Amino acid sequence: MAEEKKISRLVDVGELEADLKKDLAEEETKGKAADILFCESISDELGDLSNLPTIDPKTLRPVAHWGDVPGSYKDHIGKDGSWFVPTTRCTNPECGEINPCSLKTPFCPMCGFRMEDVPYDAD
Ligand SMILES: [Zn+2]
């Protein structure tokens, strides 16, 4: 039997994320009576949703951002200790391009994703 080809769906998950965050906040207000498994499953779902690929609705181009690599600034402390530059990483899970100079370009040089945290004139 031939494998059925799956159809990709473009979905704005913002409303779903807001609902889940509200449910989580409501459950957490119960303190010790809160259902831990319920809270964990909502947190897991929110994590999964935040890892989904995104696109710029104007250009339909895939979007990522430069994320700081935790602790990386230690390698870049200046001689006088007055400045530091964190290493950044492309957040596209299939890319992960590392930028040790923290130069934030509007597009990832490796995967070409639009980096949403960097202003770009064409926007
Ligand atoms: Zn990239």
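The values are calculated or read from the model by the stated rules, or taken from the named source; none is laboratory data. Keep in mind it's a predicted model, so treat the numbers as computed, not measured. Cβ placement follows ideal geometry from the backbone for every residue including glycine, while neighbour counts extend to all protein chains displayed. Just so you know, the surface numbers come from the protein's heavy atoms only, side chains and all, with ligands and any DNA or RNA stripped out. Shrake-Rupley method; radii C 1.70, N 1.55, O 1.52, S 1.80 Å.
Things to note:
- What a 1.4 Å probe finds exposed on segment 13-52 is 54% carbon and sulfur by accessible area, rounded to a whole percent.
- A Cα-only calculation for segment 13-61 places Rg and Dmax at 13.9, 47 Å.
- Positive-end ranking of Gly14, Cys39, Leu52 along the dipole of segment 13-52, with charges on Cβ about the Cα centre, is headed by Cys39.
- In this structure segment 13-52 gives 74 Å² per residue of accessible area when probed at 1.4 Å with all protein chains present.
- Table column - 3J(HN,Hα) (Hz), segment 27-37, Karplus curve with 6.51, -1.76, 1.60, x for Gly and Pro: 5, 5, 5, 6, x, 5, 7, 5, 7, 4, 4
- Extension gain, Glu17 back to Leu52 (0.36 nm per residue minus Cα-Cα distance, nm): 11.4 nm
- The heavy atoms of Phe38 offer some 80 square angstrom of accessible surface to a 1.4 angstrom probe.
- Scalar couplings 3J(HN,Hα) for segment 15-22, obtained by applying the Karplus form with A = 6.51, B = -1.76, C = 1.60 to θ = phi - 60°, are 5, 4, 4, 4, 4, 5, 5, 5 Hz; x denotes Gly and Pro.
- Placed amide H near Phe107: partners under 5 Å, 5+ positions off or other chain: Met115
- Cleavage-rule hits, GluC sites (Glu not before Pro), segment 1-70, DSSP coil, Cβ neighbours within 10 Å at most 13: Glu3, Glu4
- Members of Lys30/Lys104; Lys58/Lys104; Lys22/Lys58; Lys21/Lys58; Lys6/Lys58 lying beyond 32 Å, as alpha-carbon distances in this model show: Lys30/Lys104
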